[in-house]
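Each remark here refers to the structure printed beneath this line.
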Amino acid sequence: MWDTLWVDANLATMREGGAPYGEIRRGALAAKDGRIAWIGFAADLPGHAVDLARDVRRCDNAWITPGLVDCHTHLVFGGDRAREFDLRLQGASYEDIARAGGGIVSTVAATCAASKEELIESAARRLAGLTREGVTTVEIKSGYGLDLATEIKMLEAAGELARRGDVRVKRTFLSLHALPPEFKDDRAAYVALVADVMIPAIAAQGLADSVDAFCETIGFTAEEGDYVFSAARANGLAVKLHAEQLSNQHGAALAARHEALSADHLEYLDEAGVVAMAAAGTVAVLLPGAFYFLREKQLPPIAALRGAGVSVAVATDCNPGTSPLTSPLLAMNMACMHFRLTPEEALAGVTREGARALGLGDEIGTLEVGKAADLAIWDVQAPAELSYWLGAPLLRERVFGGRVVSTFDQNTPSSFGAHRFTMSRNGG
Ligand code: DI6
Ligand code: FE
């Protein structure tokens, strides 16, 4: 007997190699003990639905996708940067603001000043933005502390969000994000502190799964990144990198040399970087929210990434400076509109490929027997609509580990999502 069986559903399994979206129309999916126990055509179910599961849920032809994976966020931080937004609209560049002591360093001050509880509360609101669009796994980076105590406070806040939020959280120690002002005359001392003290401490306490760095002219050099990545790997942590966002620092190739799970941003990635990523199996994480918010013009080399067979993920990069975005669906739309991803690539980017970018490809990201029963159930007629609507309430149900954790009532006429989209699905 299964715990839960969803019927009258269309499934976008996102498995590779078959139909677009790995689709199964008129499908059914069963969960038991938190895992997907059966998936296929409803006609092939081994009996009557009511005899097969304790809870049988009818989906009215809604689409079931894997729960979304937001594989790159900075969800935990103090304050905001709306003032800086104003300055940028008046013509100041992101780099100008950073060099003048604003930017990341101003969020560092606000994050140091905030209590852990305050960080949890403000991040929980942003997390709610993600989960109401079907996110069941989110990566959260530290990096606004720059001292060990504050970095630990951020990582603990991120862990607490997992306990409270019906969501899986992967934590990343964003070690080299900005140079603390007190180290401005001794960069090497800060890099050594990160590599020799902070990384071992964070690894020993099990506070992070991976280590990230910001490899950029206003951040850190590839050599500095190399040093902390060696420390990360020696301490059993995976690595990821903010690479080639504002200029080509050859960070992606560095990341690939350390068998990085992902290199992220990549607007200025060159052919050698693409080749290195392909050889290492490093996922390219595209962050169209930051591209949009910075009014960037340089496009990541999508055709080259496709041509080389590099996995491409899409994420919100939710952060106060360059991507105050809490909508994975809008990130998908932007990936299509700005980067010319197909809607199928965009959905793969926030499911299968997002899972790969977190080293969770065997656990989540596609609908397959044995994987975690993390699902998003959508009131759409076709999965391409997930990249198409802007701001529409499409989610009908969110399922985490086999449990229905959010439902959006389909029978409330006043609910835009329920009424409008159910009507349109029935052709009215
Ligand atoms: N790249 C980004 O886009 C964010 N961090 C990074 O390394 C921006 C962080 C911020 O401006 O607060
Ligand atoms: Fe980022």
Quiz item: For the subset of the range 103-128 comprising residues that are among the charged types (D, E, K, R) and in contact (Cβ under 8 Å) with a residue 40 or more places away in the chain, which member is nearest to Cys71 (Cα to Cα)?
Solution: Arg126
Quiz prompt | Subset of the range 330-352 [open to solvent by 10 Å² or more (accessible area, probe 1.4 Å) and either farther than 20 Å from Leu294 by Cβ or β-branched (Val, Ile, Thr) (or both)] | solution = Thr342, Pro343, Glu344, Glu345, Arg352
Quiz prompt | One residue from Ser406, Ser387 being surrounded by fewer than 19 Cβ atoms within 10 Å (Cβ to Cβ) and either in contact with a Ser or Thr (Cβ under 8 Å, 6 or more places away or on another chain) or of a type in the set (S, T, N, Q) (or both) | solution = Ser406
Quiz item: Does the range 129-149 hold any residues that are free of Cβ contacts under 8 Å to residues at least 40 places away in the same chain and more than 16 Å from ligand 2 (Cβ to nearest atom), and which are they?
Solution: Asp147, Ala149
Practice problem: Restrict the check to the range 265-283 and report whether at least one residue is away from ligand 1 (no atom under 12 Å from the Cβ), under 16 Å from Ala355 (Cα atoms) and in a loop (DSSP other than H, G, I, E, B). | Solution: yes
Self-check item: Of residues in the range 201-223 being open to solvent by 30 Å² or more (accessible area, probe 1.4 Å) and closer than 24 Å to Gly103 by Cβ, the one nearest to ligand 2 (Cβ to nearest atom)
Solution: Ile218
Quiz prompt | Criterion: out of contact with any strand residue (DSSP E or B) (no Cβ under 7 Å at 6 or more places or on another chain), small (Gly, Ala, Ser), open to solvent by less than 30 Å² (accessible area, probe 1.4 Å) and touching a residue at least 12 places away in the same chain (Cβ under 8 Å) - qualifying residue of Ala255, Ala276 | solution = Ala276
Quiz item: Which residue pairs have Cβ atoms under 6 Å apart, sit 6 or more places apart or on different chains, and have a first residue in the range 155-184 that is under 18 Å from Asp196 (Cβ atoms) and a second that is in a strand (DSSP E or B) and β-branched (Val, Ile, Thr)?
Solution: Phe173/Val211; Ser175/Val211
Quiz item: Which one is farthest from Arg163 (Cα to Cα) among residues in the range 204-243 that are among the small types (Gly, Ala, Ser) and assigned to a helix (DSSP H, G or I)?
Solution: Ala222
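Can you work out which of the residues in the range 67-102 that are of a type in the set (Lys, Arg) and touching a residue at least 24 places away in the same chain (Cβ under 8 Å) is farthest from ligand 2 (Cβ to nearest atom)?
Arg99
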Quiz item: Just to be sure, is Leu246 in contact (Cβ under 8 Å) with a residue 60 or more places away in the chain, more than 16 Å from Ser311 (Cα to Cα) and within 16 Å of ligand 2 (Cβ to nearest atom)?
Solution: yes
Practice problem: Starting from residues that are in contact with a Gly (Cβ under 8 Å, 6 or more places away or on another chain) and outside any strand (DSSP E or B), keep the ones in the range 130-148 and report whichever is farthest from ligand 1 (Cβ to nearest atom). | Solution: Gly134
Quiz item: Quick one: would you say Ala30 is in contact with a Ser or Thr (Cβ under 8 Å, 6 or more places away or on another chain) and either at pLDDT below 95 or open to solvent by less than 90 Å² (accessible area, probe 1.4 Å) (or both)?
Solution: yes
Quiz item: What strands (runs of 3 or more DSSP E) lie completely within the range 320-411 and have 1 or more residues being modelled with pLDDT of 95 or more and among the aromatic types (Phe, Trp, Tyr)?
Solution: 375-378, 395-400
Quiz item: Does the range 168-176 include one or more residues that are closer than 24 Å to Ala109 by Cβ, open to solvent by less than 30 Å² (accessible area, probe 1.4 Å) and among the polar types (S, T, N, Q)?
Solution: yes
Practice problem: State yes or no: is Val211 under 30 Å from Asp270 (Cα atoms), more than 24 Å from the chain's Cα centre (by Cα) and of a type in the set (Val, Ile, Thr)? | Solution: no
Exercise. Could you tell me which residue of the range 314-352 is nearest to ligand 2 (Cβ to nearest atom), considering only residues that are within 18 Å of Ala263 (Cβ to Cβ) and among the β-branched types (Val, Ile, Thr)?
Key: Thr322
Quiz item: Of the residues in the range 304-333, how many are more than 11 Å from ligand 1 (Cβ to nearest atom), at positive phi and in contact with a Gly (Cβ under 8 Å, 6 or more places away or on another chain)?
Solution: 0
Exercise. Only residues that are away from ligand 2 (no atom under 16 Å from the Cβ), open to solvent by less than 20 Å² (accessible area, probe 1.4 Å) and not in a helix (DSSP H, G or I): list them for the range 284-313, please.
Key: Val310
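The values are calculated or read from the model by the stated rules, or taken from the named source; none is laboratory data. On a predicted model such as this, the values are computed, not experimentally measured, just so you know. All Cβ positions, even for glycine, are placed from backbone atoms using ideal geometry, and neighbour counts span all protein chains on display. Keep in mind that these areas ignore ligands, DNA and RNA; they rest on the heavy atoms of the full protein, side chains included. Shrake-Rupley method; radii C 1.70, N 1.55, O 1.52, S 1.80 Å.
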